[in-house]
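Below: the structure, in structure tokens.
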Amino acid sequence: MRCPNCGSTNISSIVDTKTKTKGFDGGDACCGYLLFGWPGILCGLCNTGDTTTETRTTNICNDCGRRF
């Protein structure tokens with residue numbers, strides 16, 4: 001692999017991983033309240049704790065510092 005900026009083959013790869021956990025949703029709780037009254041507030045707890053993971057790989061030229 002070559003750097004698109006300087007043409008060097010001195011390249012490093014970095015893998016970034018982000019994890020996001022869903023919490024209480026006020027919008028769902030509001031809609032649940034409008035539809036079902038006070039027990040509908042528990043609708044905001046639906047899908048609480050769902051986790052999503054995003055992985056991204058970035059290459060960095062060790063000579064010029066360009067990320068691609």
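The values are calculated or read from the model by the stated rules, or taken from the named source; none is laboratory data. From a predicted model like this one, the values you see are computed outputs, not experimental measurements. Heads up, the Cβs are rebuilt from the backbone with ideal geometry, glycines too, and the neighbour counts pull from every protein chain shown. SASA here: full protein model, heavy atoms, side chains in, ligands and nucleic acids out. Shrake-Rupley method; radii C 1.70, N 1.55, O 1.52, S 1.80 Å.
Suppose we keep only residues that are among the hydrophobic types (A, V, I, L, M, F, W, C) and not in a strand (DSSP E or B) within segment 15-32. Which one would you say is surrounded by the most Cβ atoms within 10 Å (Cβ to Cβ)? Steps first, answer last, please.
The initial filter retains those residues of segment 15-32 that are among the hydrophobic types (A, V, I, L, M, F, W, C), namely 15, 24, 29-31.
The next check asks that each one be not in a strand (DSSP E or B); those that pass are 24, 29-31.
Working: 24: 11, 29: 17, 30: 14, 31: 14.
It comes out as 29.
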Open item on the list: Would you confirm whether or not segment 38-54 contains a residue that is within 26 Å of the chain's Cα centre (by Cα), under 30 Å from residue 1 (Cβ atoms), among the β-branched types (Val, Ile, Thr) and surrounded by 11 or more Cβ atoms within 10 Å (Cβ to Cβ)?
Closed with: no
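Among the residues of segment 16-31, are any touching a strand residue (DSSP E or B) at 6+ places or on another chain (Cβ under 8 Å), among the polar types (S, T, N, Q) and within 30 Å of residue 62 (Cα to Cα)?
Residues of segment 16-31 touching a strand residue (DSSP E or B) at 6+ places or on another chain (Cβ under 8 Å): 16-22.
Then keep just the ones that are among the polar types (S, T, N, Q); that gives 17, 19, 21.
Cutting the leftovers down to within 30 Å of residue 62 (Cα to Cα) gives us 17, 19.
For segment 16-31, residues touching a strand residue (DSSP E or B) at 6+ places or on another chain (Cβ under 8 Å), among the polar types (S, T, N, Q) and within 30 Å of residue 62 (Cα to Cα): present.
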Task: Hits in segment 11-37 (condition: farther than 28 Å from residue 1 by Cβ and charged (D, E, K, R)) - done: 20, 22, 25, 28
Open item on the list: With the requirement that a residue be assigned to a loop (DSSP other than H, G, I, E, B) and open to solvent by 90 Å² or more (accessible area, probe 1.4 Å), what does segment 55-68 give you?
Closed with: 63, 66
